[in-house]
Ligand code: SF4
Ligand code: FES
């Protein structure tokens, strides 16, 4: 395949960025999107040019680091997958593909397509955990009976990989889908009840402090989330927040 790429290039978050055009040939339809970028970078390095910086790690849809806006959509045109799971067969020979970073004030650009998503880590650290006394008398989690529906909804929420697509696609750059998934994964389980009130208050406060916007129920986050996290989690988090406040 021959492709025309329009890629956002920016040295750091102080410098001005711009779209730079590249042409790339001999791309196999079986390559992943990131492998296509690897081919481009090999070419750029061979020609003595600066390769395009982009984030990646697992390349199998579980780490959440491959955050790219492809033709105006986070993780590209397919629903329910991450950028690393997107294959070039989804594009046509001769296509023009625009590739940009995930844009949000709370995700400052580090270089080119790499953004700093450590705000998510700080929200997680503010309450996304349970404290367990491991003194030797710890109860086996499997001995606590949990209703199947509760276990399923906790597990569904726990599949959030912290990629940030929900923020990047939201017109308000809201992190509510991410934070609500992290709150729900605990609030649906008995183990999460001990710190439930403090958790939701701390995580919501931290989310506001990090500068993420509010939710106006547009629903784009749910559509673009590669893990299908439901916006029902946002309603649940709002209920948990009110309960904790009262
Ligand atoms: S809720 Fe979905 S889109 Fe948002 S960070 Fe989690 S996995 Fe990514
Ligand atoms: S590289 Fe890990 S989810 Fe894409």
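A few points about this structure:
- Total residues in the stretch 43-69, condition within 13 Å of ligand 2 (Cβ to nearest atom) and at pLDDT 95 or above: 14
This table checks each residue for (1) surrounded by fewer than 21 Cβ atoms within 10 Å (Cβ to Cβ); (2) more than 15 Å from ligand 2 (Cβ to nearest atom); (3) under 23 Å from residue 220 (Cβ atoms).
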residue	(1), (2), (3)
71	yes, yes, yes
78	yes, no, yes
81	yes, no, yes
87	yes, no, no
101	no, no, yes
113	no, no, yes
116	yes, yes, yes
137	yes, yes, no
145	yes, yes, no
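- Annotation for the stretch 5-19: no member residue is on the phi > 0 side of the Ramachandran plot and either loosely packed, with under 12 Cβ neighbours inside 10 Å or over 14 Å from the mean Cα position of the chain (by Cα) (or both).
- Close Cβ contacts (under 9 Å, 6 or more residues apart or on different chains) running from residues in the stretch 95-109 that are under 14 Å from residue 65 (Cα atoms) and assigned by TED's automatic domain parsing to the domain that holds residue 21 to residues that are surrounded by 22 or more Cβ atoms within 10 Å (Cβ to Cβ) and modelled with pLDDT under 95 comprise 101/67; 102/67; 107/67.
- Given (1) within 27 Å of residue 60 (Cβ to Cβ); (2) at pLDDT 95 or above, index of the condition residue 237 fails: (1)
The values are calculated or read from the model by the stated rules, or taken from the named source; none is laboratory data. Given the structure is predicted, the values throughout are model-derived calculations rather than measurements. In this analysis, Cβ positions are derived from the backbone assuming ideal geometry, glycine residues included, and neighbour counts consider all displayed protein chains.
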